[in-house]
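A short reminder: the numbers here are calculations on the coordinates, not readings from a lab. Predicted model only: the values in this text are computed from it and were never measured. Cβ atoms come from the backbone with ideal geometry, glycine included; neighbour counts cover every protein chain shown.
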Amino acid sequence: MTTKVSVPVQNDFPQELREWIEAFDELVVGEGPEHGAELLAALKQRAREAGISQPSELTTPYVNTIPKHEEVPYPGDRKLERRIEALIRWNAMAMVHGQNKKDHGIGGHIATYSSLATLLEVGFNHFFHASYGDQPGDFIYFQGHASPGIYSRAFLLGRLDEQRVLNFRHELRDTPGLSSYPHPWLMPDFWRFPTVSMGIGPLNAVYQARFMRYLEHRGLIQQTPRKIWAFLGDGETDEVDTLGALSLGRREKLDNLIFVVNCNLQRLDGPVRGNGRIIDELEAVFLGAGWNVIKVIWGSDWDELFARDHTGLLLKRMEECVDGEYQAFKAKGGAYIRSEFFGKYPELLELVKDMSDDDIFHLHRGGHDARKIYNAYKRAVEHKGGPTVILAKTVKGYGLGSTQARNASHQEKKVADDALVDFVRRYDLPIPEEDARAGKLYVPGKDTPEMTYMHQRRQSLGGYMPKRDVPKIDFRAPELDEFSEWTGGSRGRAVSTTMGFVSILRHLMKDETIGKLMVPIVPDEGRTFGLESAIRQVGIYASEGQKYKPHDVDMLLYYREEKNGQILEEGITEAGSMASFTAAGTAYANYRVPMVPFYMYYSMFGFQRVGDMMWAFADARGKGFLMAGTAGRTTMTGEGLQHQDGHSHLLMSVIPTCVSYDPAYVYEMAVILQDGLKRMYEQGEDRFYYITMYNEDYAMPEMPEGSREDILRGIYRLKAAPGGKAVAQLFGSGPILNEVLRAQEILAEKYGVQADVWSVTSYNELRREALSVERWNRLHPTEAEKVPYIVTALGRAKGPMIAATDYMKAIPDQLAPWLKERLVSLGTDGFGRSDNREHLRRHFEVNAEAVVTATLSKLARDGKFDTKKAQAAMQELGVDAERDDPAHL
Ligand SMILES: Cc1ncc(C[n+]2csc(CCOP(=O)(O)OP(=O)(O)O)c2C)c(N)n1
Ligand SMILES: [Mg+2]
């Protein structure tokens, strides 16, 4: 290895300092850089001993991390690859342009892709494995907005037919076109990862890499050299999600993880850091988080300039410029670069005096130089012991001529026809001017060298990508008989639905065949949910085992960490836990192992905290159980406003594949879990479950005969009126069902009013079914009307309907259109309070007394009960009729 210290010691340094530097230079030149590093380390140590503190350095000079002399030659055929890249760029542009010509405003752009193309092409041609033997290959999280380029490549390879491409962003036509962005829900055989909501891709990628290790350490998949590549925008790094989990990468030594940041210096409105340099900023962040950082800033043509510059001024000038200037250089052309960049120092002008303006303009950025990219990827792939980030400097809108590097280039959908002709000429594509103007797609003949090359490269890397293929899942869900311990009731013992769930989960984990597939996930709430026994049973996953003796080792339920532990204890990160849930819930497709995640968390910190990730989970066709603990606004005592959840059911109802339940009893929980396992894993339905569980203890009754189907559909009559025909119908869910049962007694005993009690396990599901029946009726006016299940279930039930829930009134209100009588909903609208259940339920007017008085009041209004008695009941039962509405307090 040759080492150069090419920058001469500056003349204005004091004599003593110069001598020191010259001595250092001599050592480096004579003994090599390792000795230089050793000396520096020793000096640093000495300085520390002398009490001199120095801030640690987290940025290195604004040059490529890999020096030219360490590069290996490029293994591909650059001539062919350049041509292929041009073809891909062309078809991507034609696709987007064509669509916008046809349908003004349909959108899409290729500015992101044009900056990313070479970074992707080097990957596709040399790195991205589609498989490792019979094992799945690398996972790639693509920058969502680069999808036109990915489609274009797949189109050239014959993987997407022309009509689909021509109907890009027209998914609802007779021949459905390609979806705008990566959505596995919409293109389940193509996309694996939804990434277009920015920040979610990178975060999921980190946890995916970790989950892969988890599966390996637990012996559930073979160890392969598989990598997880995440391509992200520099603007995207502003999302807290993007950078939020970097330390996990280092902590877990995830050398299967590679981030590539496409630093085109722009986001949508303008520069990412006009007044600074995003690459420096990101280098510091990633280095600080312990990542291996590889900067790919300058292309090979700069190497020659560096070699000729003996003044050190080239680097100095580079480090003077901010990103706003770098963007302007690429937008304004060669003459501008000559005067504004090189022109600052006569020595630099001299350096480029033999170059034309055009030559200067075409000095490449690293992210457009295949050789530089190849070397960076190679190092990243070979790097051991931690994750790597590649910071690649690119140009937004690269190759698009006049719209390159403009603030508005992100929005560029329509390229002027002349620019299309210009593009074809510039890239020397054999497309007639007329076709170019019309933005026609172009595919070279099958046996042309470029097509042959493209196919060959992919075949040598194990197949085509992106691709999502789901094997037939081999999974037998246990039958309901197996859950008799939970359907049989608690024989008077007071337990909570949470305890019931945890014991079911422990039972499932003991199952010989499917037990190992269960993945309990907790964000530091294991104890809250009574998971100690499960921790002892299966251990917490710790990639390096347990290096310490836990203080409670002598106890039965000690804190057990294991290399093959089954529980993912994520610490306090709902977003990270959701990312683990996503990796596990899509493992059936990605790893071909049907993992069953149970993510247990504080229900309040669910959708309202990580809702977009849940949406993406659904898009990814995720399966699993979101177990929302400490649910309800009045059941968890003491915690108050920011803990008490009275609305998550409303929020979860928005996700089309999410089935939500609010069970009151452990047998309901057992029925729902068993059915969920069967439907998702045995019958292959792409859905997931949201189940609230509470921490109130009470005796769990035995499952009523024949109630299974109705529990699943959402409602069943739990307890008919004790003394004859009911004149009112009471609905209850979760622990509030107990209040409703108490109300039934008070009504009968004190007021002679008979009422039936119904357990409602899911208003959301009842409404969905009713809506689909109603739709059918709407579309078939000539045919006999079908009846929604809620109507059939209620049958001849008479009288007003009073629903009480620990959730907002809007939850039961969903049924209103189908009920014969007007529904009276009692729910927990308003901010929570810290108090005990008795006071909370009185405050929110969901206790038995509130249910009784609401029933009497409604009967009175209907002329079926004495109004004065209804008013008097308020006093008798301690209901303050004049207080303010808790919904506004
Ligand atoms: C969460 C989220 N917020 C906003 C957007 C809208 N959006 C789409 S692209 C874009 C700019 C992207 O900039 P950058 O990450 O630098 O990517 P580039 O296109 O420059 O490669 C924005 C704000 C989005 N897709 N997701
Ligand atoms: Mg950008």
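Of the peptides 247-255, 341-349, 195-203, the order by per-residue mean of other Cβ atoms within 10 Å, starting with the highest, comes out as 195-203, 247-255, 341-349. One equal scatterer on each Cα of the chain, no solvent, Debye formula: the resulting log10 I(q)/I(0) at q = 0.08, 0.09, 0.11 Å⁻¹ is -0.84, -0.99, -1.25.
For the stretch 817-889, the set of chymotrypsin sites (Phe, Trp or Tyr not before Pro) satisfying both a DSSP loop assignment and a count of at most 15 other C-beta atoms within 10 Å is given as F831. Overall, the chain carries a charge dipole of about 1860 debye about its Cα centre when +1 sits on the Cβ of Lys and Arg and -1 on the Cβ of Asp and Glu, all other atoms neutral.
Model label points for K467 and A784, set 7 angstrom from Cα along the Cα-to-Cβ axis, are 5.1 nm apart. The ellipsoid that matches the Cα gyration tensor of the stretch 354-475 has semi-axes, each √(5λ) in whole angstrom, of 32, 25, 17, with the longest given first. Above 21 Å, the calculated P(r) of the stretch 296-426 contains 49 percent of its Cα-Cα pairs. Estimated purely from DSSP H runs of n ≥ 4, each contributing -39500 (n - 2.57), the mean residue ellipticity at 222 nm for the chain is -12500 deg cm²/dmol once divided by its residues. Here the simple spin-label model places points 7 Å from the Cα toward Cβ, and for A23 and A284 these points are separated by 3.2 nm. Shown is the FRET efficiency for D134 and E562, computed with R0 = 35 Å from the Cβ-Cβ distance and rounded to the nearest 0.05: 0.80. Per-peptide packing, taken as the mean over residues of other Cβ atoms within 10 Å, places 786-792, 264-270, 33-39, 631-637 in the sequence 631-637, 264-270, 786-792, 33-39 from highest down.
Apply 1/(1 + (r/R0)^6) to the Cβ-Cβ distance of E512 and K384, taking R0 = 51 Å, and write down the FRET efficiency to the nearest 0.05. The value I calculate is 0.85. Suppose a student asked you for the relative contact order of the stretch 568-619, using Cα pairs under 8 Å spaced at least 6 residues apart; what percent would you report? Reported as a whole number, the value is 38 percent.
Using a Förster radius of 30 Å, what is the FRET efficiency between K868 and L641 based on their Cβ-Cβ separation? Nearest 0.05, please.
Values: r = 38 Å, r/R0 = 1.26.
Between K868 and L641 the formula returns 0.20.
Name the long-range amide H neighbours of L718: under 5 Å, sequence gap of 5 or more, or other chain; modelled H, no Pro or chain starts. The answer is V757, W758, S759. Each of D524 and E70 was given a label point 7 Å from its Cα along the Cα-to-Cβ line. The distance between the two points is 3.8 nm.
Anything over 23 Å Cα to Cα? Flag those among K79/K353; K719/K868; K786/K820, in the order listed. Cα-Cα > 23 Å for K79/K353; K719/K868; rest within. Hydrophobic long helices, here whole DSSP H runs in the chain with Kyte-Doolittle means of at least -1.0 and Cα atoms spread over 30 Å or more along the helix axis, are found at 78-102. Ordering of 11-22, 366-377, 585-596 by packing is 366-377, 585-596, 11-22, highest average first (other Cβ atoms within 10 Å, averaged per residue).
The value of relative contact order for the chain, using C-alpha pairs under 8 Å at least six residues apart, is 11 percent.
Net charge around S577, counting only other residues with Cβ within less than 14 Å of its Cβ (Lys, Arg = +1; Asp, Glu = -1)? Mind dumping the intermediate values first?
Values: positive: R210, R609; negative: D241, D524, E525, E569, E570, E574.
Net local charge, S577 excluded: -4.
Partner lysines whose Cα lies under 23 Å from the Cα of K295, excluding those fewer than 8 positions away in the same chain, are identified as K4, K68, K227, K253, K316, K330, K372, K378, K384, K393, K396.
Kindly work out what percent of the DSSP beta bridges joining two residues of the chain are antiparallel, to the nearest 5.
Values: 10 of 66 bridges.
Looking only at bridges with both residues in the chain, the antiparallel portion is about 15 percent.
Using 0.36 nm times the number of residues separating S56 and L771, minus their current alpha carbon distance, what extension gain do you get?
Working: separation 715, 0.36 × 715 = 257.40 nm, distance 6.18 nm.
Separation in residues times 0.36 nm, less the Cα-Cα distance, equals 251.2 nm.
Over the stretch 200-254, what is the relative contact order in whole percent, taking alpha-carbon pairs under 8 Å and six or more residues apart? Walk me through the numbers on the way to the answer.
Values: 35 pairs, mean separation 31.0, N = 55.
Averaging sequence separation for qualifying contacts and normalising by length gives 56 percent for the stretch 200-254.
Remark: the stretch 734-885 carries a charge dipole of roughly 420 debye about the Cα centre, counting +1 on each Lys and Arg Cβ and -1 on each Asp and Glu Cβ.
Computed extension gain for V654 through L172, at 0.36 nm per residue and net of the alpha carbon distance, reaches 171.3 nm.
For trypsin sites (Lys or Arg not before Pro), the sites in the stretch 704-784 that DSSP calls loop and that have at most 11 other Cβ atoms within 10 Å are K725.
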